[in-house]
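**Q** Mind having a look at this structure? Questions to follow.
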Amino acid sequence: MSSTTDLEAGPRPERPVALIVVILIFAAIVSSFEATMMYTALPEIIEQFKSPPSDAGWVLTGFLLVGAASAAISGRLGDAFGRRNVLIVVLLASIIGSVVSLATDSLGGLIAGRAIQGLAGGLVPLCVGILRESVPKKNLSVAVATVAGAAMWGGAAGNIVAGNIVDAWGWHYVFVVAAAVAAVGAVGALFLPRPTTKARLGRVDWFGGILFAPGIALALYAVHESDAWGWSSGKTIGCLVGGLAVLALWIVWELRVSDPLINIRFFLNRKLGLTLVATAFVSFGTLGVSGFVGQMIWQMPEAAPVGLGLSAGTAGNISFGIGLIGFLLSPLSGRISRNGRSCNALIVGAALSIAAALLSALLLDSVVGFLISQTVLTGATGFLLSSLPNLIVEGVPGANTSEASGVYMVTQTAFSAVGTSIGTVLLSQHLVAGTPFTTRAGYNQLFIMVAVAAAVGLVIAWFIRRASIRSTDALPQAAAAVPHAV
């Protein structure tokens, strides 16, 4: 795909860097807030609808799968029609999803509303693209890391806001806040600079942009129903094989299309390919499973095999507090990432992910012990969410930043959905008879799975090459501290 203007050489819009970064921080917060706000509410949803974790988990999985498709579509449309314009449209769509969820009184309706709300998954790649075309090169890596860190902080805010609202009024009213935040974000986006470059859109590959989502959903549905149907059942095998067949068709389609909406040819580039594979593994465990399981442990009653008996509000407050640590670490990750060394920050994040999973398994019996493990997890998440976007920025020309960031977000969000889905199924397979409570063995297996996935990500990170001096000429040098970027 060609561009009409050289993104790196073209003139920067006349907007203060501070204003641009603050607006994009808010947009990133909208995305992560909506992604995590149901984590705190999940225990109440399970209780209200009398559903096992595997069924209620679709409230999270549905959002993530649509979010993955939105990341792909929004990134490409942002390159073609202007990232600011598409950013505003996505924010408005997420408001509609909040309204649908607010109006429903059934689990199916809630899942449908959350799926619409999942369009917010396209916000982060658009934010990265706007930073690339608007922020001076010397401040770009810290700006990217800061916005990514703010996204994680928004996830923590989702926990505290949702937790206290659930305690006071119930989960429905979480969507009132979500709609209001998205509305403010849409208004703020109007003050972003107008696009300085647009790529030639050509024929839009809508089929390839959405086909992977139903393929993953069908395969995950087979996993969800395997307990009821049995692994040898024709329905289980049919759904699983059908889902994998759809995914295979999608891969073949995207490789044959000249201008794919999800350019999986990025996987063939050594640095980008390894980055995306590492993203898949850490998203499956650290960013997928760990996101919801912590809230389950905080809120499950002490009478359960695993549970600390905290209220939703208290659990949300704790998550918010330790989430600030990840936000504060994101500029450090940006500094480590400068001069093409983002792989070093990824290594740190993967190593902390392993430690967090092991500590969670060992220390989940006490509030203080689990607090320690979740603090380490937050540090790991901060390094992961800031290093991975910088690795993408290092590896692509400026004109294709949103496209490549979209593929990254598709990978991250889709594998987070897979991890969330499989994690809730694993918890459901180890329930104490007649209760919604999972055994200690079930949680241990979950954390071992997370640790193994993070270990694979760590090994892959060692093989990601540092950017060459020539390529870093087009990359920003990280500023010494956040104030230099904002």
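**Q** P(r) for the chain, please, calculated from all Cα pair distances in 10 Å bins and given in %.
**A** For the chain, the binned pair fractions read 5, 22, 33, 27, 11, 2, 0 percent.
**Q** What residue among Val293, Leu123, Tyr221 has its Cα farthest toward the positive end of the dipole of the chain, where the charges are +1 on Lys, Arg and -1 on Asp, Glu, each on the Cβ?
**A** Leu123
**Q** Angle check, please: helix 270-282 long axis (alpha carbons) against the longest principal axis of the chain (alpha carbons), in degrees 0 to 90, nearest 10.
**A** Once rounded, the angle reads 20 degrees.
**Q** Dipole size in debye (nearest 20) for the chain around its Cα centre, Lys and Arg Cβ +1, Asp and Glu Cβ -1?
**A** Roughly 1560 debye for the chain.
**Q** Can you tell me the alpha carbon radius of gyration of the stretch 95-192 divided by the globular rule-of-thumb value 2.2 N^0.38 Å?
**A** Here the Cα radius of gyration is 1.26 times the empirical estimate.
**Q** Quick one: angle between helix 342-363 and the longest Cα principal axis of the chain, in degrees between 0 and 90, rounded to 10, please.
**A** Result, in degrees: 10.
**Q** Right, something else. Just report the Cα centroid separation between the stretch 233-304 and the stretch 360-396, whole Å.
**A** Here the answer is 19 Å between Cα centres.
**Q** Sticking with this one: In degrees from 0 to 90, rounded to the nearest 10, what is the angle of the helix 367-395 Cα long axis to the longest principal axis of the chain?
**A** Tilt of helix 367-395: around 30 degrees.
**Q** In debye, nearest 20: dipole of the stretch 63-155 around its Cα centre with unit charges on the Cβ of K, R (+) and D, E (-)?
**A** With only Lys, Arg, Asp and Glu charged at Cβ, the dipole is about 360 debye.
**Q** Which translational diffusion coefficient, to the nearest whole µm²/s, is obtained for the stretch 397-448 from the Stokes-Einstein equation, given a Kirkwood hydrodynamic radius over C-alpha pairs, 37 °C and 0.692 mPa s?
**A** D, rounded to a whole number, is 249 µm²/s.
**Q** Also, I was wondering about something else. Going from most exposed to least, what order do Tyr39, Tyr221 have by accessible area with a 1.4 Å probe?
**A** Sorted descending by solvent-accessible area, the residues read Tyr221, Tyr39.
The values are calculated or read from the model by the stated rules, or taken from the named source; none is laboratory data. Predicted model, so just to flag it, every value in this text is computed and none were measured. Cβ atoms come from the backbone with ideal geometry, glycine included; neighbour counts cover every protein chain shown. Just so you know, the surface numbers come from the protein's heavy atoms only, side chains and all, with ligands and any DNA or RNA stripped out. Shrake-Rupley method; radii C 1.70, N 1.55, O 1.52, S 1.80 Å.
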